Each structure stands twice: as structure tokens, then as C-alpha cells.
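Accompanying notes for the structure given below.
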Amino acid sequence: MDRLQKVMAHAGVASRRKSEQMIEEGRVKVNGKVVTELGLQVKKSDTIEVDGVPIQKEKLVYFLLNKPRGVVSTASDPKDRETVVSLLEGIEERIYPVGRLDYDTTGVLLLTNDGELANKLMHPSYSVEKTYVAKVKGLVTKDKIKKLETGVKIDKTTSSPAKARLVNYDRKKNMSTVELIIHEGKNHQVKKMMQAIEHPVEKLTRTQYGFLTTEGLQSGVWRELKQFEINKLKQLVEEA
Ligand code: URA
């Protein structure tokens, strides 16, 4: 569900402000009835007409990007840094990332213009499983791995139960590689969890989002999701 003026704007009718004006002027019908109040929530299946002409809804598109370092996970950046959206050259639809990866985090990132699915995927109650691999200084002991699994203090709350394992310890460099599987998606979640066990993150990558991985995608490369993958993502949030 989305607000009527937002759907109109996305369909390219006019800006959101102008669309609101058109609604107030009585020029917009939803399922054959004139709507003049603002903020009406409409479904994908609703028919919307402006001046008697049905609007052309934007085709829904879904992409998977292997995000490189040094790119922001927003559609535009006030500091004019490169954005994940600008990496998907030639895409005309107004896509945006599903959640965020930090500027220096790499890995699996979904982008779409399907607001309904994106909101569900990001909502804590649907809690899609995300796998991260963090490189940290020192040896992460079994006790600390246990702490990550049972919950650590971050931002005055305790992190939810997670799965964690030590993948590798490089004695020469004194560096550990830790895999962390979490459902939560708070700001800088993994960095804060690792900070809490006194092993600040030096490098972070998201290797999996639900069932999606970057397999076959080099850094900075993207592909369209296959229909069965889109269906599976929708199933994920419906089952939850
Ligand atoms: N957790 C973080 O700390 N950073 C990310 O980019 C993603 C998860």
C-alpha cells in the first residue's frame, strides 16, 4: 500500500506536490470514484485515473548488486559521493536500495522500485537472515563467539540471538575472520556487536541476504533477479 500522491508521482504523472493539487482539484479517480482527500492508501490492484485517463504504473524491477567499498547506499548523496543507484547505469525506473550497507562495507545489496516488498524485507518482524563476514584484529575466543550468539549490549539494548563462528585465525597477521548471521538490521549493527566484544571491524562484507549471494558477480557488478528469486523473496516475507 502506498499513498495515492506517491503512486501518481512514481507513475510519472507529476511531482508529489503537483499530484496533491490534482487530487484536491477533483481530477483523480480511484476505482471509478473521485478522491479529494490527501493521503489515501492505494493497492497495486487499484485503478487510478487522472482526468479520465488510467495512469501507467511503473514496471516493478529487482536487482542484486555486489556493492564495492566507497559507495553510499542511497539514491542521492548531499556530499556528492558515488551512490549505489548510479552504479546501475541505464536503469530508468526509480530504484532504491533495500536497507543500507555502510560506505566501506561490501557485498549483497538488493535494489528495487517495489516499495511494498522493500518495506516488508526491511521490517524487523519479517527479519530476513543476513550473513556477514568481518575481519578483526586479534583472536576471537570461544567465549566471545558465545557472547555474540546470546546477545551483546549495543545502544542500550541487547542484540537478538545470532549465529556466529570463527572462520579463520591468521596467526602471522593476528587477524580473525568471523561469520555472523543476524536477523536485525540496526544502524552499524555488526560493527557495534564486534565493538562490544572488543574486536572492532577492520573489513566487513555481507555474503548473503536471505538466500541471495554475490556468486558470479564481481565487485561493482549487478544483475536482474530471476522471476523465481523474486517469488522466493515474496514468499519469505509472507511466511514470516
Ligand atoms: N552492519 C554494519 O555495521 N555495517 C553494515 O554495513 C551492515 C551491517
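The values are calculated or read from the model by the stated rules, or taken from the named source; none is laboratory data. The model shown is predicted, which means the values in this text are computed figures rather than measured ones. Each accessible area value is taken on the protein alone, full model and side chains, heavy atoms only, with ligands, DNA and RNA left out. Shrake-Rupley method; radii C 1.70, N 1.55, O 1.52, S 1.80 Å.
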Of the listed pairs 144/232; 33/226; 29/234; 146/191, which have alpha-carbon separations greater than 27 Å here? 144/232; 33/226; 29/234
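Restricting to Cα pairs below 8 Å that are 6+ residues apart, what does the relative contact order work out to for region 129-209? Please round to a whole percent.
Relative contact order of region 129-209: 46 percent.
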Filter the cross-link list 57/135; 59/203; 18/120 down to pairs whose alpha-carbon distance in this structure exceeds 32 Å. 57/135; 59/203
In degrees rounded to 10, the 0-90 angle between helix 227-239 Cα long axis and the longest Cα principal axis of the chain is 80
Residue-ordered couplings for region 117-131, obtained by feeding phi - 60° into the Karplus form 6.51 cos²θ - 1.76 cosθ + 1.60 and rounding to whole Hz (Gly and Pro as x), are 5, 4, 4, 5, 4, 7, 6, x, 6, 8, 6, 5, 6, 10, 10
Rounded if a/c under 1.5, otherwise prolate or oblate - region 73-137, Cα gyration tensor axes: oblate
Which far-off residues, 5 or more places away or on another chain, put their amide H under 5 Å from the one on residue 185, with H placed in the peptide plane? none
So what's the back-of-envelope 222 nm ellipticity for the chain, counting only DSSP H runs of four-plus at -39500 (n - 2.57) apiece and dividing by all residues, rounded to 500? -6500 deg cm²/dmol
Label region 2-54 by shape, choosing from rounded, prolate and oblate, from the square roots a ≥ b ≥ c of the eigenvalues of the Cα gyration tensor; if a/c is under 1.5 it is rounded, and otherwise prolate applies when a/b is larger than b/c, oblate when it is not. rounded
Once fully extended, how much extra length lies between residue 172 and residue 6, figured as 0.36 nm per residue of separation less the alpha-carbon to alpha-carbon distance? 54.2 nm
Give the relative contact order (percent, whole number) for the chain; include only Cα pairs under 8 Å separated by 6+ residues. 19
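Per residue, what accessible area does the chain have, given a 1.4 Å probe and all protein chains present, in Å²?
Working: 13640 Å² over 240 residues.
In whole numbers, the chain has 57 Å² accessible per residue.
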A chain fully extended from residue 219 to residue 153 at 0.36 nm per residue, minus the present Cα-Cα distance, gains in nm 20.5 nm
